[in-house]
Amino acid sequence: MTQLLKVQNLMLSRDGYAAGEGQSLERPFGHADPGAMASWAGATASWPNRTDPGGSRGLDDYFTRDFTHNIGAEIMGRNKFGPQRGPWENLDWQGWWGDEPPFHTPVFVLTHHHRPDLTLGETTFYFVEGKPAEVLEQAKVAAQGRDVRLGGGATSICEFLDADLVDTLHVAVVPLELGRGVRLWESPDELLDRYHLEVVPSPSGVTHHIFWRR
């Protein structure tokens, strides 16, 4: 069975930014409002943090529900794990997610600085250095036949796109502009030499961009 490297539910502003400028402990997405970026998913019936009954069905709910389907490992950039830069001086920092991270799989965190593995609940974080193809191979082994999710941020996704390793992408473009920050693209047309693209608007105001290899 072919293992895929997938980008899923990447939330992007209308002007192409996945995160704002000035990431900090208090603001993981910089000046971007994460509530506004993720409101389409939070309104669905399948949103994992939902505490009340109800929620929307339809296309947004499908993508929210599909997020964990057949995923056996994740790769993420260091800035998705935390706001520190340089050597890991504070090993007390264990990510944004608390004692039970939502991944429940091995997670490979890209870094140029050594840090011991970290296990929280059903999730083990491996802090790895290497070329995208080398890290992907490690993740595929850990995924045990299932697919690998490339969780972001945008800088890491661009690195794997440049290495021609991404098989499918789902990008949810939200109707707001950030003006500055970490950009995935200036236009989705940049990927059309390598990917088919289907663009599907949702009643929530989000426009879903679905890419798959030509």
Restricting to region 182-202, name every residue that is surrounded by 13 or more Cβ atoms within 10 Å (Cβ to Cβ), closer than 17 Å to TYR17 by Cβ and in contact (Cβ under 8 Å) with a residue 60 or more places away in the chain. VAL182, ARG183, LEU184, TRP185
Confirm whether ARG27 is free of Cβ contacts under 8 Å to residues at least 12 places away in the same chain and either over 22 Å from VAL109 (Cβ atoms) or exposed (fewer than 14 other Cβ atoms within 10 Å of the Cβ) (or both). no
Looking for something exposed (fewer than 15 other Cβ atoms within 10 Å of the Cβ) and closer than 19 Å to LYS6 by Cα - is there at least one such residue anywhere in region 45-62? yes
Between a residue in region 41-60 that is closer than 21 Å to ILE210 by Cα and without any contact (Cβ under 8 Å) to a residue 24 or more places away in the chain and any residue that is surrounded by 12 or more Cβ atoms within 10 Å (Cβ to Cβ) and of a type in the set (Lys, Arg), which pairs come within a Cβ distance under 7 Å, given they are 6 or more apart or on different chains? SER46/ARG65
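Hey, does region 152-162 have a residue that's among the hydroxyl-bearing types (Ser, Thr, Tyr), closer than 18 Å to HIS209 by Cβ and touching a residue at least 12 places away in the same chain (Cβ under 8 Å)?
Going through region 152-162, the residues among the hydroxyl-bearing types (Ser, Thr, Tyr) turn out to be 155-156.
When the remaining residues are screened for being closer than 18 Å to HIS209 by Cβ, the result is none.
Checked against the condition, which is being among the hydroxyl-bearing types (Ser, Thr, Tyr), closer than 18 Å to HIS209 by Cβ and touching a residue at least 12 places away in the same chain (Cβ under 8 Å), region 152-162 yields no hits at all.
Return the only residue of ARG27, ARG14, ARG50, ARG57 being basic (Lys, Arg) and within 30 Å of GLN144 (Cβ to Cβ).
Going through ARG27, ARG14, ARG50, ARG57 in turn, just one is basic (Lys, Arg) and within 30 Å of GLN144 (Cβ to Cβ): ARG50.
Take the conditions at pLDDT 95 or above, in contact with a helix residue (DSSP H, G or I) (Cβ under 8 Å, 6 or more places away or on another chain), under 21 Å from ALA142 (Cβ atoms) and not aliphatic (A, V, I, L, M) and apply them to THR105. Does it pass?
Numbers: at pLDDT 95 or above: yes; in contact with a helix residue (DSSP H, G or I) (Cβ under 8 Å, 6 or more places away or on another chain): yes; under 21 Å from ALA142 (Cβ atoms): yes; not aliphatic (A, V, I, L, M): yes.
For THR105, the condition - at pLDDT 95 or above, in contact with a helix residue (DSSP H, G or I) (Cβ under 8 Å, 6 or more places away or on another chain), under 21 Å from ALA142 (Cβ atoms) and not aliphatic (A, V, I, L, M) - is met.
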Quick one: what pairs do we get from region 169-181, first residue among the charged types (D, E, K, R), second exposed (fewer than 14 other Cβ atoms within 10 Å of the Cβ) and in a loop (DSSP other than H, G, I, E, B), C-beta under 6 Å, 6+ apart or different chains? GLU177/ARG14
ASP117 passes all but one of (1) surrounded by 18 or more Cβ atoms within 10 Å (Cβ to Cβ); (2) in contact with a Phe, Trp or Tyr (Cβ under 7 Å, 6 or more places away or on another chain); (3) over 25 Å from ARG183 (Cα atoms); which number fails? (1)
Within region 160-168, is there a residue that is among the hydroxyl-bearing types (Ser, Thr, Tyr) and surrounded by 19 or more Cβ atoms within 10 Å (Cβ to Cβ)? no
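Only one residue in LEU59, LEU25 is touching a strand residue (DSSP E or B) at 6+ places or on another chain (Cβ under 7 Å) and of a type outside the set (Lys, Arg). Which one?
Within the list LEU59, LEU25, the selection yields LEU59.
Quick grid of which residues meet (1) of a type in the set (D, E, K, R); (2) assigned to a loop (DSSP other than H, G, I, E, B):
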| site | (1), (2) |
| --- | --- |
| GLU74 | yes, no |
| ASN79 | no, no |
| ARG85 | yes, yes |
| TRP88 | no, yes |
| ASP99 | yes, yes |
| PRO102 | no, yes |
| VAL109 | no, no |
| HIS114 | no, yes |
| THR119 | no, no |
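The values are calculated or read from the model by the stated rules, or taken from the named source; none is laboratory data. Being a predicted model, the structure only gives us computed values, none of them experimental. In this analysis, Cβ positions are derived from the backbone assuming ideal geometry, glycine residues included, and neighbour counts consider all displayed protein chains.
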